[in-house]
Structures are given as structure tokens and as C-alpha cells.
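Peer 1: If you scroll down you'll find the structure; I have some questions about it.
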Amino acid sequence: IRFQRDSSVSTSGYGRLNSSIYLSPLKKRSFVAEVQGTSKSNNFVGSVFTLEYLNRNIFNGAESFSLKGKIGYEAQLAGNDLSGLNTFETGIAAEYRVPRLVSPFDLQEKFRYSIPRTKFKISYDLLRRLQYFTLNSFLGLIGYEWNVNAFVTHTINPISVNLINISRRTPEFLQLLEDNSFLRRSFEQQFIPALSYSFQYNKLILNDQRSRFYVLFDAEFAGNMFGAIQNLSGETGSDKSLFGVEYAQYNKFDIDVRHYYDVSQETSLVSRF
């Protein structure tokens, strides 16, 4: 931003400044390729390759579109009775962001002093434990994000649908499930319709202050609407299923509070709850 004194003077006797704002646009498109190598304490080693494409202005209205794919392989070399296990994973995710509120309701007046963003996301992930099972995960999400000011961000996802399905089970895996009821429960097919909300207060960007706070609060409510429909339809019982479809029902809350205090230019005291 460059200022230049204006030669004119107002009727009250004050001078004026003209400001010129110069902007440098980012590149419209970008590609990112990444290779990760992993080595775990249970003797699993492997690598994951990811490739991401980003278009920051796909429809000439500052809408961004990203497409990300990954593929990886992991093997357990030796060390215990489960040596020789192999895992293959792959996935693809598409995300579309709009710098305005996309809603059937007229809420623009509520966001006169901020720029809300609407996010649409779909993804598919496949995890294949070659000796045991194949797991498929589908996700669809619609969300909104807006900044009240430079420090406060709200995020709400009114629609989030996740379907987890086991498409293949080997006899060895079925025997493991038979011997372990907790493991068997963990690998049941789940349909998770959820609503989530996130509040973030971040003052870490103020590097000139010695004392700074960061607060993150997350809340997620899953399956409550389906539970109400199940009760109204007269379907009772301990199992959470509606019209033959199993769904998860839970309420989850998380809070993360951090405090940063700069003792000196090189040393900081950080507390986290």
C-alpha cells in the first residue's frame, strides 16, 4: 500500500492522502507431488505417494477446486507371529470451495463484515490388508467457514455422511473376529450421518505479544436425527439400524487450549490443556 499526498484540501482545512493498493496474484494452477517413507515399531515399513492438483480460480469467481490422490504399500518384515503382513491403500478426494454462502436461505446480511466460504467434498479410500480384509470408506460433506475477525473462525458442517464397509474377509480374519468380540464390533459396517461444529480462537499470529492464547473447540453429533426417526417409526431395540441400515449414534466434544509465553527471543514457555 502506497500513500501520496493529495493537493486538494477539504472545507474543514484537513489534507487528504490517496492510497494505491498493489496486488500480486498467485498462480492459478499448481501441482504437488509427495513421497513419504514410513518405518514403525511393529516392523512395518513402506511408502505413500500422493499427487494433488489445485485450481484457485476454476470458474473465474475465486472458486477453488482440488483433486488429490494417493497410493501406498506397507509390509511387515519380521519380528513376531504376524510377520509377512502386507497392506495396500489408495484413495481419491475432490474438494470445491466457493468464497460466498451457498444456501437455500438468504443469510448474506449476517455476513456483511466477513467473507464466508462454502465447501463441498467427496472422497473414497480403500485399505486392503491382503491376508485379512478389504475396507472401503466413502465420505460426502457440505460445510461453511467464516472469520468473525482476525482471531476467531467458525466452521460448521451441517451435512457429513461417511459409509464404512468391509467388502472382503478371509477365513483367518473371521477367526480373529470370532475370538475377539471387541474387534468384531469395530469391524462392523457403519453408516455415520453427522453434524459438526468447530470454534477456533488464534492469537498466535501476534508475534509482538509475549503472551498468546490458542483455543480450539470441536463438537460432533452423529445419528441423532436417524435415532429420532427410528423412535417415531416404532422401530425399537438396542441395535441402531433404520430400514435395515446400521448407523452410528454418538455425541463427541473436544477442547484444546494452549498458552504461549515468550521468556526471551529464543525461549518460550508453552502450556497445553
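Peer 1: Rank-order 263-272, 221-230 by packing density, defined as the average count of other C-beta atoms within 10 Å over each peptide's residues, highest first.
Peer 2: 221-230, 263-272
Peer 1: Would you tally the net charge around Ala94, using a Cβ to Cβ cut-off of less than 14 Å, leaving Ala94 out, and scoring K and R as +1, D and E as -1?
Peer 2: Every neighbour counted, the sum reads +1.
Peer 1: Using the alpha carbon gyration tensor of segment 64-202, what are the three equivalent-ellipsoid semi-axes (square root of 5 times each eigenvalue), largest first, in whole Å?
Peer 2: Output for segment 64-202: semi-axes of 40, 16, 14 Å.
Peer 1: Then there is this: Express in nm, to one decimal, how much length is gained between Ser8 and Ala75 on full extension, taking 0.36 nm for each residue of separation and deducting their alpha carbon distance.
Peer 2: Taking 0.36 nm per residue and subtracting the Cα distance, the gain is 16.6 nm.
Peer 1: Then there's this: Below 9 angstrom from the Cβ of Glu220, what's the summed charge of the other residues (Lys, Arg +1; Asp, Glu -1)?
Peer 2: Net charge around Glu220: -1.
Peer 1: Pop the C-beta distance of Phe151 and Gln131 into the FRET formula with R0 = 51 Å and round what comes out to the nearest 0.05.
Peer 2: Efficiency, rounded to the nearest 0.05: 0.55.
Peer 1: Calculate, in nm to one decimal, what Asp179 and Arg16 gain on full extension: separation in residues at 0.36 nm each, minus their alpha carbon distance.
Peer 2: Gain on extension, Asp179 to Arg16, equals 50.6 nm.
Peer 1: Give me the compactness ratio for the chain, meaning the Cα radius of gyration over 2.2 N^0.38 Å.
Peer 2: That ratio works out to 1.38.
Peer 1: In debye, nearest 20, what is the charge dipole magnitude of the chain about its Cα centre with +1 on Lys and Arg Cβ and -1 on Asp and Glu Cβ, if you could check?
Peer 2: 1200 debye
Peer 1: How large is the accessible surface per residue of the chain, computed with a 1.4 Å probe and reported in Å² as a whole number?
Peer 2: 69 Å²
Peer 1: Once you've got the GNM for the chain with C-alpha springs shorter than 10 Å, pick whichever of Tyr260, Tyr247, Tyr96 has the biggest mean-square fluctuation.
Peer 2: Tyr260
Peer 1: Here's another thing I want to ask about it. Roughly speaking, to the nearest percent, how much of the chain's 1.4 Å accessible area is carbon and sulfur?
Peer 2: In the chain, the share of accessible area belonging to carbon and sulfur is 57 percent.
Peer 1: Once every Cα of segment 182-221 carries one equal point scatterer and solvent is ignored, give the base-10 log of I(q)/I(0) from the Debye formula at q = 0.16, 0.20 Å⁻¹, two decimals.
Peer 2: Each listed q maps to, in turn, -0.63, -0.73.
Peer 1: Answer with one residue from Phe213, Phe199, Phe182: the one whose Cα lies farthest towards the positive end of the charge dipole of segment 170-222, charges on Cβ with Lys, Arg +1 and Asp, Glu -1.
Peer 2: Phe213
Peer 1: Moving on to the next point. Between segment 204-218 and segment 1-71, what is the C-alpha centre distance in whole Å?
Peer 2: 23 Å
Peer 1: Take the Cα pairs of segment 146-269, get the Kirkwood Rh, then feed it into Stokes-Einstein at 37 °C and 0.692 mPa s and tell me D in µm²/s.
Peer 2: Roughly 178 µm²/s, to the nearest whole number.
Peer 1: Report ³J(HN,Hα) in whole Hz for each residue of segment 184-199, in order, from the Karplus equation J = 6.51 cos²θ - 1.76 cosθ + 1.60 where θ = phi - 60°; Gly and Pro get x.
Peer 2: 4, 5, 5, 9, 6, 5, 10, 10, 10, x, 9, 10, 10, 9, 9, 10
Peer 1: I've got another one for you. Suppose R0 equals 22 Å; then what is the FRET efficiency for Ile1 and Val270 from their Cβ-Cβ distance, rounded to the nearest 0.05?
Peer 2: Once rounded, the FRET efficiency stands at 0.05.
Peer 1: Further question: So who's got an amide H within less than 5 Å of the one on Arg100, skipping anything under 5 residues away but keeping other chains? H placed 1.01 Å off N, in plane.
Peer 2: Thr118
Peer 1: How much length is gained on full extension from Ala248 to Tyr124, taking 0.36 nm per residue of separation minus their Cα-Cα distance?
Peer 2: Length difference between fully extended and current span is 42.7 nm.
Peer 1: Can you return the aspartates and glutamates within cross-link range of Lys27? Criterion is Cα-Cα under 14 Å, with same-chain partners fewer than 8 residues away left out.
Peer 2: Those aspartates and glutamates meeting the cut-off are Glu63.
The values are calculated or read from the model by the stated rules, or taken from the named source; none is laboratory data. As the structure is a computational prediction, the values presented were derived from the model and not from experiment. Here Cβ is always computed from backbone atoms with ideal geometry, including for glycine, and neighbour counts include all displayed protein chains. The area values use the complete protein model at the heavy-atom level, side chains included, leaving out ligands, DNA and RNA. Shrake-Rupley method; radii C 1.70, N 1.55, O 1.52, S 1.80 Å.
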